[in-house]
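Some notes on the structure that comes next.
What follows is calculated from the coordinates using simple rules that are stated; it is not laboratory data. Here the structure is a predicted model, which means the values were calculated and not measured. Glycine gets a Cβ as well: all are built from the backbone with ideal geometry, and neighbour counts include every protein chain shown.
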Amino acid sequence: MAQCGPCSGSNKVRITKETGCSYAGCETCRTKCVPEDQLQRYYDQGWTFGGGCRGKQGCGGNSAVDLNKANTEATSIFIYPDPVSNSTTISFTLKQSEKISLKIYNNAGRVVKVFADALMLAGDREFEWNMENMNEGVYMLRLQTSFYDITKKLIVSK
């Protein structure tokens, strides 16, 4: 059975990977602690952030995340200035290293800008968006992580 406690040592996070068995219906779970600076390498090999232990077998996605680093409270996204005319700064803080998606959608629901769709280390993050070629209107900024999904309205007026 996979181990599901917090990682010992500083700057380590738990990662998980499901592995198959030789008979139908069997799933096993591998989990281990790795330094944050090695997360991308493991992510590229099919490992996921967090650790699992659902019953005796199977991976639990992010159900048993490193307890020293986990923070399931939604972070705040700051957009300045808003309304926007030419450019804006989008900032937020990641409480832990994890895969995020940060995108802007137009009023038709189409993605017009992808800032990030990758693993990011914990800490303060800031993105600049130059909107000189964007039409006036309402856009939606969406930040998705394994713990939360936040959407904010952004107004472009020229």
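One table, with the values for the structure above:
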item: Normalised contact order of the stretch 78-156, rounded percent, pairs of Cα under 8 Å and 6 or more residues apart; result: 35 percent
item: Environment charge of Arg142, counting only residues whose C-beta is closer than 14 Å and scoring Lys/Arg +1, Asp/Glu -1; result: +3
item: Residues of the stretch 119-145 with amide N under 19 Å of a point placed 7 Å along Cα→Cβ from Asn86; result: 127-137
item: Coarse-grained scattering of the stretch 108-151 at q = 0.15, 0.19, 0.31, 0.33 Å⁻¹, given as base-10 log I(q)/I(0) from a Debye sum over alpha-carbon atoms; result: -0.50, -0.78, -1.52, -1.57
item: Mean projected area (nm²) of the alpha-carbon convex hull when the stretch 78-156 is viewed from all directions; result: 4.7 nm²
item: Pairs beyond 26 Å (Cα-Cα), from Lys113/Lys158; Lys95/Lys153; Lys12/Lys152; Lys12/Lys113; Lys95/Lys158; result: Lys12/Lys152; Lys12/Lys113; Lys95/Lys158
